[in-house]
1. For B:PHE17, which of the numbered conditions (1) in a helix (DSSP H, G or I); (2) facing another protein chain (nearest Cβ under 10 Å); (3) surrounded by fewer than 14 Cβ atoms within 10 Å (Cβ to Cβ) fails to hold?
2. Those residues that are surrounded by 14 or more Cβ atoms within 10 Å (Cβ to Cβ), in a loop (DSSP other than H, G, I, E, B) and out of contact with any helix residue (DSSP H, G or I) (no Cβ under 9 Å at 6 or more places or on another chain), I need them from segment B:93-122; list them, please.
3. Could you tell me whether segment A:34-45 includes any residue that is free of Cβ contacts under 8 Å to residues at least 60 places away in the same chain, part of a helix (DSSP H, G or I) and more than 8 Å from chain B (Cβ to nearest Cβ)?
4. Would you be able to say whether some residue in segment B:63-73 is within 14 Å of another protein chain (Cβ to nearest Cβ), of a type in the set (Lys, Arg) and surrounded by 15 or more Cβ atoms within 10 Å (Cβ to Cβ)?
5. Pairs please, first residue from segment A:105-116 and touching a residue at least 40 places away in the same chain (Cβ under 8 Å), second anywhere and among the basic types (Lys, Arg) and open to solvent by less than 40 Å² (accessible area, probe 1.4 Å), Cβ atoms under 7 Å, 6+ apart in sequence or on different chains.
6. How do the pairs read when you match residues in segment B:46-62 that are assigned to a helix (DSSP H, G or I) with residues anywhere that are open to solvent by 60 Å² or more (accessible area, probe 1.4 Å), using Cβ under 7 Å and keeping only pairs 6 or more apart or on different chains?
7. Answer yes or no as to whether A:LEU77 is aliphatic (A, V, I, L, M), facing chain B (nearest Cβ under 9 Å), in contact with a Ser or Thr (Cβ under 9 Å, 6 or more places away or on another chain) and in a helix (DSSP H, G or I).
8. Go through A:PHE123, A:PHE156 for me and flag whichever is touching a residue at least 40 places away in the same chain (Cβ under 8 Å), over 19 Å from the mean Cα position of the chain (by Cα) and surrounded by 12 or more Cβ atoms within 10 Å (Cβ to Cβ).
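The values are calculated or read from the model by the stated rules, or taken from the named source; none is laboratory data. Just so we're clear, the structure is a prediction, and the values are computed from it rather than from any experiment. Note: ideal-geometry Cβ built from the backbone for every residue, glycine included; neighbour counts use all protein chains shown. These area figures cover heavy atoms from the full protein model, side chains too; ligands, DNA and RNA do not enter into them. Shrake-Rupley method; radii C 1.70, N 1.55, O 1.52, S 1.80 Å.
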Amino acid sequence: MKPLLVGLALIILYSMFIVYQQDNNVFIRQLENLKYVADEAAASGALFFDEAEYSEGRKVYNRTEGNKAIAYMIKNLLRLDNTFTPMADSYWIDTINYDVYYFDDSKIMSKYSNGVLVQEEPFEYGFMFEETKANYIKYIDSPTIIVTINAGKPKFRLSFINPTDVIRSSGYEYLGR
Amino acid sequence: MKDLIVLCAVVIILLIFPLQYALEQQTHYNISMMQKYVHTAKEQAKQIGEFNNDIKKELIDNLKEQFKIEDSEIIINTSTTKKYRPSYDSFTTESIITYEVGVPIKKIIVANKFWGIPDSDNQYIYYIKGSTTSELISP
């Protein structure tokens with residue numbers, strides 16, 4: 001009887017371990033994917049800038065079009081609907097929130113949260129920017145777009161695991177100045 | 001004697017778990033590498049506006065070697081026309097390159113026959129789907 005009980009206990013323990021292993025592996029891959037999404041969103045947003053300013057040697061991002069491109073890429077790549085709620089085929093469960101920071105030759109830093117302007121303030125190149133949500137630090141010395149995505153909690157099937165929100169940041173820097 | 005028989009049965013079942021662990025890690029590693037290969041191919045396609053044959057061939061070669069599969073088993077669907085960078089002042093989805101890459105994962109559970117699961121039910125196709133904005137300047 002004792003080997004049976006010990007065996008059953010071990011089977012339950014191993015099963016939980018395998019479930020955790022699978023969930024964690026998927027999570028690691030989705031975390032990497034989230035980084036790629038932030039990269040892609042920042043790169044897409046950086047394609048839009050003011051041509052008149054550019055002809056005078058200044059790089060000033062077109063925030064309106066940049067925001068459209070960033071929102072489109074995040075929605076498309078994370079499989080979200082128009083309210084940024086994950087669709088059935090998305091890995092994520094919670095509504096996605098994202099912040100975008102524009103630093104450019106207008107010397108005005110603009111911060112958008114979910115596409116809405118929430119902060120504008122002057123800045124000078126040559127400072128260390130810190131995105132506190134993602135612990136992302138970047139030296140701002142040229143026009144840069146930083147995208148931070150908060151994807152909410154990852155999926156773990158074991159109920160006693162209580163993960164925190166998954167947040168990734170990426171910056172796209174224009175080095176042509 | 002009874003205890004010995006029970007112990008043997010339990011040990012046989014318990015042996016499957018380390019094997020499943022190893023298989024899961026192998027599959028995870030392969031898929032992670034696939035993720036990197038697809039990402040690299042996407043970055044290349046972004047520069048030239050499409051997944052051309054060279055990019056696809058390199059991707060297939062990498063996946064073939066990683067997963068030990070044949071060319072014909074790899075699924076690659078991409079947008080069929082060359083895409084160009086959007087104008088500086090207007091975002092349009094016409095500049096979006098789409099892609100879908102699939103590879104067969106041929107073993108989900110180890111010792112599947114021990115559990116009565118046929119090989120045909122013990123596999124699936126893993127897809128990576130995505131899109132990117134072309135950076136190719138319009139001629």
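1. Of everything listed in (1) in a helix (DSSP H, G or I); (2) facing another protein chain (nearest Cβ under 10 Å); (3) surrounded by fewer than 14 Cβ atoms within 10 Å (Cβ to Cβ), B:PHE17 misses just condition (3).
2. Within segment B:93-122, just B:ASN122 meets the criteria.
3. Keep residues of segment A:34-45 that are free of Cβ contacts under 8 Å to residues at least 60 places away in the same chain, which gives A:36, A:40, A:44.
Restricting the remaining residues to those that are part of a helix (DSSP H, G or I) gives A:36, A:40, A:44.
Then drop every residue that is not more than 8 Å from chain B (Cβ to nearest Cβ), which leaves none.
Within segment A:34-45 (the criterion being free of Cβ contacts under 8 Å to residues at least 60 places away in the same chain, part of a helix (DSSP H, G or I) and more than 8 Å from chain B (Cβ to nearest Cβ)), the answer is no, since none of the residues qualifies.
4. The answer is no; no qualifying residue exists.
5. Once the first residue is touching a residue at least 40 places away in the same chain (Cβ under 8 Å) and sits in segment A:105-116, its partners that are among the basic types (Lys, Arg) and open to solvent by less than 40 Å² (accessible area, probe 1.4 Å) give A:ASP105/A:LYS59; A:SER110/A:ARG63.
6. The qualifying pairs are B:ILE55/B:GLN44; B:ILE60/B:ASP71.
7. On the way: aliphatic (A, V, I, L, M): yes; facing chain B (nearest Cβ under 9 Å): yes; in contact with a Ser or Thr (Cβ under 9 Å, 6 or more places away or on another chain): yes; in a helix (DSSP H, G or I): yes.
Yes.
8. Residue meeting the stated conditions: A:PHE156.
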